[in-house]
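So the structure is just underneath, and the comments pick up after that.
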Amino acid sequence: MSTAIPFEHITRALRAYFAGKPIRRVAVFGSYAREQARPDSDLDVLVTPEHPVGLLALAGYQCDLEDLLGIKVDLGTEAGVSKWVRPLIARDLRVVYEK
């Protein structure tokens, strides 16, 4: 890919994908959220599940998104972010889906 995926495309894809999932909130941070992504950038995604979700489900979401978007995706839960990293992420966190 010679250019990064436009943020609006990322937003539409994430909204469509998570619409039927037990996920309350989806946010993007990092270079895609700042709209500074390069073709080799990964997509950093934080999800807030409606109820506890297992590691296999999260890994499945990650793999599905990588297949859907054609880029590497790092996916985690907001609860799994350490209190030291949270302020760094918060600077450019953009909510793209919320129930």
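Residue-wise HN-Hα couplings along the stretch 69-83, as the Karplus relation 6.51 cos²θ - 1.76 cosθ + 1.60 with θ = phi - 60° gives them from phi, are 9, x, 9, 6, 10, 9, 10, x, 9, 4, 5, x, 8, 5, 5 Hz; Gly and Pro carry x.
Run through the stretch 10-99 and list the chymotrypsin sites (Phe, Trp or Tyr not before Pro) located in a DSSP loop whose Cβ has at most 13 other Cβ atoms within 10 Å. Here the chymotrypsin sites (Phe, Trp or Tyr not before Pro) that fit, given the DSSP loop and packing criteria, are TRP84. Shown in residue order for the stretch 18-26 are the 3J(HN,Hα) couplings computed by the Karplus curve 6.51 cos²θ - 1.76 cosθ + 1.60 at θ = phi - 60°: 7, 4, x, 9, x, 10, 7, 8, 10 Hz (x for Gly and Pro).
Just check the chain against the gyration tensor rule for me: Cα atoms, a ≥ b ≥ c as the square roots of the eigenvalues, rounded for a/c under 1.5, and otherwise prolate or oblate depending on whether a/b exceeds b/c. Cα axes put the chain in the oblate bin. Multiplying the residue separation of HIS9 and LYS99 by 0.36 nm and subtracting their alpha-carbon distance yields 30.5 nm. State, as an integer percentage, the relative contact order of the chain based on alpha-carbon contacts under 8 Å between residues 6 or more apart. The normalised contact order for the chain reaches 39 percent. When the GluC sites (Glu not before Pro) in the stretch 19-99 are filtered for DSSP coil states and for at most 13 other beta-carbon atoms within 10 Å of their beta-carbon, the remaining sites are GLU35, GLU50. Once backbone amide H atoms are built at 1.01 Å from N, ILE23 has GLU50 as its partners under 5 Å, excluding neighbours fewer than 5 places away on the same chain.
Using R0 = 22 Å, the C-beta based FRET efficiency linking LEU58 and ARG25 works out to 0.95.
Counted over the stretch 14-78, the DSSP beta bridges are approximately 55% antiparallel.
For the residues VAL47, VAL81, VAL73, a GNM of the chain with alpha-carbon springs under 10 Å puts the largest fluctuation on VAL81. The GNM of the chain, with springs linking C-alpha atoms under 10 angstrom apart, assigns the highest mean-square fluctuation among LEU55, LEU46, LEU65 to LEU55.
Coordinate-derived values only; no laboratory data. Note that this is a predicted model, so its numbers are computed, not measured. Quick reminder, even Gly has a Cβ in these numbers, built from the backbone with ideal geometry, and neighbours come from all protein chains shown.
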